Structures are given as C-alpha cells and as structure tokens.
Amino acid sequence: MNRDEDISGLQRVILNERSRLLRFLAARGMSDDAEDALHDLWQRVATAPSQPIADPLSYLFRAAENLVRDRRRSTVSRDRRHQDWHETLPGEEQPTGERGLIARERLREVQSTLAGLGPRVELVFRKCRLDGLGQAAIARELGVSLSSVEKDLQKAYRALGQLRAKFDAE
C-alpha cells in the first residue's frame, strides 16, 4: 500500500499548509509547542469521521483554534487544581514512617526503570515530563526526529504504566 493512500485529504492539506498552520499556532501563543499542537491536529483529523468539507483550510484553521483553546483550558484547569491542592495541605509535611519508606522505594524503582530504558529515553522523559519542554524542542536539542522523541516517550510511558500496575497490585 502506498503511503499517500494512508492519509486523508485533510492530512494532505496539513502537509501542504504546514508552515502556515505552524505560524498560526505560534501567533496564538504556542510558539514552543506549535509542532506538538500540529501533531495533535494531525491525530484529530486522522481519527475524525471522513466526510466532505467545503473549505478544508478554513476547517483546519478552526480546528487549530479549538485545539489552542482546549490546551489553554486544560492548562488553567490543571493549574487551578494544583493550586487548590496545595492550599488544602496543612503545610509541607514529609511522609513519615512506613509511607516515607514506601515512597522512597518506589521512587528508586521508577528511577531504575527509566535508567534501564537507556540514556536517551530517560533524558527525553525527564525533559518532557519534569522540565516541561515540548517534543519538538527536545528533538531539536538532541538532534533526533520528532518521531524518535515520540517513540522514546511511548517506551517510557509503557514501562512506567507497567510499574504503576505493579504498585497498585501491592
């Protein structure tokens, strides 16, 4: 099967208008995450039901605008939850006794699991999840493709998901 047969008409428009869509996303405050947002747009289009669209480019710009709005709402909601959580805590209490030991042991297991996946996978995961860098920025910094960064993150998520299942079973 030809690769061109695997993509929809909207995905072809994304490929053809990639630079315009990236500028559009960057102009709406997503300069560092524009590549990630464009990838999300690609995924949304790939999973959307196929139906005729009169003006595909306008449709994609509207979808990109909605994506930006969704991301902003998600960020605001996450920040609000984070703030609310910290306001409900009585203070900076450290876990004591058994809970502290279990937490330190689990942290060591997480660190060991990430280290076992290889230095690049661990670095990509840390830069994305702990430092908050976008996938495109990580790819540029490491000199690898965006696809490589995505695969490294998937590998880390899969391993940590298995570790979490183990923790939940304990």
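When the trypsin sites (Lys or Arg not before Pro) in segment 43-122 are filtered for DSSP coil states and for at most 16 other beta-carbon atoms within 10 Å of their beta-carbon, no site remains. Taking every C-alpha pair closer than 8 Å and separated by at least 6 residues, the mean separation divided by the residue count of the chain gives a relative contact order of 20 percent.
Taking all protein chains into account, the per residue accessible area for segment 81-170 stands at 73 Å² (1.4 Å probe). Computed 3J(HN,Hα) for segment 110-119, one whole-Hz value per residue from the Karplus formula 6.51 cos²θ - 1.76 cosθ + 1.60 where θ = phi - 60°, is 5, 4, 5, 4, 5, 5, x, 7, x, x, glycine and proline marked x.
Only the Cβ atoms of Lys and Arg (+1) and of Asp and Glu (-1) were treated as charged; on that basis the dipole of the chain about its Cα centre amounts to roughly 180 debye. Where does segment 79-158 land on Rg/Rh, using Cα atoms and the Kirkwood Rh? So for segment 79-158, dividing Rg by the Kirkwood Rh gives 1.10.
Shown here for segment 31-124: GluC sites (Glu not before Pro) in loop regions (DSSP other than H, G, I, E, B) with at most 16 other Cβ atoms within 10 Å, namely Glu92, Glu93. Here the simple spin-label model places points 7 Å from the Cα toward Cβ, and for Leu142 and Arg99 these points are separated by 3.5 nm. The spacing between segment 105-158 and segment 19-37, judged by their C-alpha centroids, is 23 Å. Only protein atoms count toward the accessible area here, which uses a 1.4 Å probe; on the chain, the carbon and sulfur part of that area reaches 49 percent. Computed extension length for Phe167-Ser112: 18.3 nm, one decimal, from 0.36 nm per residue of separation with the Cα-Cα distance subtracted. Calculated on the alpha-carbon coordinates, the convex hull of the chain measures out at 179 cubic angstrom per residue. Over the C-alpha trace of segment 13-101, radius of gyration and Dmax come out as 19.7, 64 angstrom.
The values are calculated or read from the model by the stated rules, or taken from the named source; none is laboratory data. Predicted model, so just to flag it, every value in this text is computed and none were measured. Methodologically, a virtual Cβ is constructed for each residue, glycine included, from the backbone with ideal geometry; neighbour enumeration extends over all protein chains shown. Side chains are part of the model used for accessible areas, which takes the heavy atoms of the whole protein and leaves out ligands, DNA and RNA. Shrake-Rupley method; radii C 1.70, N 1.55, O 1.52, S 1.80 Å.
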